[in-house]
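Reviewing the structure listed below.
The values are calculated or read from the model by the stated rules, or taken from the named source; none is laboratory data. Everything quoted here is computed from the prediction, not taken from an experiment. In this analysis, Cβ positions are derived from the backbone assuming ideal geometry, glycine residues included, and neighbour counts consider all displayed protein chains. Side chains included, ligands, DNA and RNA excluded: accessible areas come from the protein's heavy atoms. Shrake-Rupley method; radii C 1.70, N 1.55, O 1.52, S 1.80 Å.
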Amino acid sequence: MQNVEIFRGLITIPQEVVITTHHKPDADALGSSLAFARYLKKKGHRVTVISPTDYANFLAWMEGNNDVVIYEGNEKEAERLVQNAGLICCLDFSNLSRLHELGDKVAASKAKKILVDHHLEPEDFADFSYWSTEAAATAELVYQLIYDMGDEDLIDKGMADCLYAGVMTDTGSFKHPNTTGNVFRVCARLTELGADTAKVAKLIYDSNSIDKIKFLGFALNERLTILPAYNTAYFAISQQDLARFHSQTGDTEGLVNYALSITGIKFAALIVDRSVMIKISFRSIGDFSVNEFARKHFEGGGHKNASGGKSGLSLEETVSKFENLLKEYKEQLTNNIKTFA
Ligand code: 5GP
Ligand code: MN
């Protein structure tokens, strides 16, 4: 983590700032971006959040949501903002490819760049990097950075809700091993600063459409494969499945955790045909690194126990590639795994 005085130097003069985050942002990506935007506005800057794509409706309550520019469909406006920016802040991703097309524009821009992130193996593109894999969420780092700047009093209720949402979701509601003492300390402060923990949990987890719940039932009954010989379970979801349940962005979020929740399962995947590509979510319990697995075989990455990747093959081909790879990892998946269970 670089000295915060470098950051202070970069934000001394009021300027045009762009904050961006990864493709299909989740609560941590969007919540930390919106809170950081509000902070930099309070420091006198003109700030725009650009998301490469749309995101789940259950994030629309976040303060500042209405001002987010979605790159897909507003390319010209977003490109103008990137070109005019003096500072570009990259939150919750560490590889510009996670911005897809927008990544090339950011790379080409002369703006100074800031990285605030907690993913493994970051690309080296930032002038100031506030990066730690010890952090459970980017939102935890955004809180910490504002605190280190001596500006905790600038965190208002709207920002506290956004940051709390990021930490709550990236720790799996304080269940994952990344739930450190610091996570609770930060969340305690965010609560004191106004975060409404019950409201945030309700808005994120308990605001499901009927279609989403029916889709969950369908996926559990019809699309879950369990491979006890590899302690592995996965879902394979087709484009037709998504269409049948009028699937919206965010409707598959959390599904992979049901596979991982089965007793004995150490490795879970959710393989979804998104038509432009096959998108995959990986999760594990214990020592098996899904970051390495995604990086090596599916052009992805992330964290040790939660990662993502993609495939240019068909859904069936991707499933058989995945199943075949399990043979290579059989020993790791069955013998060597350290878990709580
Ligand atoms: P999810 O499965 O929830 O989409 O993502 C799990 C974790 O892996 C998140 O931290 C996410 O940022 C990361 N991730 C998801 N997809 C990709 C990808 O294609 N590449 C990389 N490098 N990380 C990803
Ligand atoms: Mn995150």
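Data table
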| item | result |
| --- | --- |
| Fraction of accessible area attributable to carbon and sulfur, region 1-102 (%, probe 1.4 Å) | 46 percent |
| His303 accessible area, 1.4 Å probe, all protein chains in place, Å² to nearest 10 | 50 Å² |
| Computed accessible area, Asp148, all protein chains, 1.4 angstrom probe, square angstrom | 70 Å² |
| Ala236 long-range amide H proximity, modeled H, under 5 Å | Thr225, Ile271 |
| Residues of type aspartates and glutamates that Lys304 reaches as a straight line, Cα spacing below 16 Å, ignoring anything fewer than 8 places off in the same chain | Asp92, Asp117, Glu121, Glu134, Asp170, Asp287, Glu292 |
| For region 256-304 and region 45-62, distance of Cα centres in Å | 25 Å |
| Ellipticity estimate at 222 nm from DSSP helix runs (n ≥ 4, -39,500 (n - 2.57)) divided over the chain, nearest 500 | -12000 deg cm²/dmol |
| Full-stretch length increase - Glu134, Asp211 - with 0.36 nm per residue and alpha-carbon distance subtracted | 24.0 nm |
| Amide H partners (placed H, <5 Å) of Ile19, local residues excluded | Thr48, Val49, Ile50, Cys89 |
| Asp92, Asp170, ranked by accessible area, largest first (probe 1.4 Å) | Asp170, Asp92 |
| Exposure of Leu313 as accessible area (Å², to 10), given a probe of 1.4 Å and all protein chains | 80 Å² |
| Check: the chain dipole with +1 on Lys, Arg Cβ and -1 on Asp, Glu Cβ, in debye | 260 debye |
| Dipole magnitude (debye, nearest 20) for region 1-153, charges at Cβ of Lys, Arg, Asp, Glu | 600 debye |
| Heavy-atom accessible surface of region 124-253: percent carbon and sulfur, 1.4 Å | 51 percent |
| Proximal lysines to Lys157, defined as alpha-carbon separation beneath 23 angstrom and excluding residues fewer than eight positions away on the same chain | Lys41, Lys42, Lys43, Lys199, Lys202 |
| q = 0.09, 0.10, 0.14 Å⁻¹: log10 I(q)/I(0) that the Debye formula gives for the chain, counting C-alpha atoms only | -0.48, -0.59, -1.16 |
| D (Stokes-Einstein, µm²/s), Kirkwood Cα radius, region 210-334, 0.890 mPa s at 25 °C | 170 µm²/s |
| Per residue, in Å², the accessible surface of region 210-334 once ligands and nucleic acids are set aside, probe 1.4 Å | 47 Å² |
| Sparse-neighbourhood loop sites, trypsin sites (Lys or Arg not before Pro) in region 91-169 - DSSP loop, at most 11 other Cβ within 10 angstrom | Lys110 |
| Karplus-derived 3J(HN,Hα), 6.51/-1.76/1.60, for each residue of region 322-333, Hz, glycine and proline x | 4, 5, 5, 5, 4, 4, 4, 9, 3, 4, 4, 7 |
| Whole-Hz ³J(HN,Hα) from phi, Karplus 6.51 cos²θ - 1.76 cosθ + 1.60, for region 190-198, glycine and proline x | 4, 5, 5, 7, x, 4, 9, 5, 5 |
| With at most 16 other Cβ atoms within 10 Å, longest stretch of the chain clear of loop GluC sites (Glu not before Pro) (DSSP) | 135-298 |
| Length-normalised contact order for the chain - Cα pairs under 8 Å, 6+ apart - percent | 13 percent |
| Accessible area expressed per residue, region 4-205, with surrounding protein chains retained (probe 1.4 Å, Å²) | 41 Å² |
| Furthest towards positive pole of dipole, Leu325, Tyr130, Ile19, structure part the chain, Cβ charges | Leu325 |
| Dipole magnitude (debye, nearest 20) for region 210-341, charges at Cβ of Lys, Arg, Asp, Glu | 240 debye |
